[in-house]
Amino acid sequence: MVSPSAKEIFIQGITKDGRTFRPSDWAERLAGVMCSFRPGGPQPGSHLNYSPWCVPTVVNGVKCVVVNSDLRDAEPMAWDFCLNFAKDNNLQVVEACLVPDAQASEVKPSPSKASR
């Protein structure tokens with residue numbers, strides 16, 4: 001059961017009995033199905049990128065789909081679809097938040113005039 005206060009859930013590509021979920025592209029498929037559910041609704045070409053509310057990723061070598069609670073607020077049936085997908089396939093679901101990589105958030109110093 002996911003708490004109503006959860007900001008993000010991670011649907012992990014590992015079943016509750018510890019097996020790797022197949023097919024290997026399941027995360028991309030699920031996120032692809034959800035691509036139309038986005039802020040502002042479907043846009044021309046939105047089928048070409050993932051929704052910011054449902055993103056495939058890899059965490060510690062495990063394929064996951066991160067589902068943001070904004071999806072629940074905007075499209076409750078789409079949120080239920082994701083949760084039911086996890087339930088129907090016996091996948092592990094955890095509440096968490098995605099933290100950006102340290103490298104991506106580092107500020108790179110600009111070259112100074114003195115170093116030229």
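Only the coordinates and a few stated rules stand behind these numbers; no lab work does. As the structure is a computational prediction, the values presented were derived from the model and not from experiment. Positions of Cβ are backbone-derived with ideal geometry, glycine not excepted, and every protein chain shown enters the neighbour counts.
Numbers below:
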read-out: Label-point separation, K7 to E28 (7 Å along Cα→Cβ), nm; value: 3.0
read-out: Most to least packed among 26-38, 4-16 [average Cβ atoms within 10 Å]; value: 26-38, 4-16
read-out: Whole-Hz ³J(HN,Hα) from phi, Karplus 6.51 cos²θ - 1.76 cosθ + 1.60, for segment 63-69, glycine and proline x; value: 5, 9, 10, 8, 10, 7, 5
read-out: For segment 88-95, 3J(HN,Hα) per residue [Karplus equation, 6.51 cos²θ - 1.76 cosθ + 1.60, θ = phi - 60°, Hz, x = Gly/Pro]; value: 4, 9, 6, 8, 6, 10, 10, 8
read-out: Solvent-free Debye scattering, log10 I(q)/I(0), computed from the Cα coordinates of segment 8-99 at q = 0.11, 0.19, 0.25 Å⁻¹; value: -0.28, -0.82, -1.36
read-out: Point-to-point label distance, V59-N84, nm (Cα→Cβ direction, 7 Å offset); value: 2.4
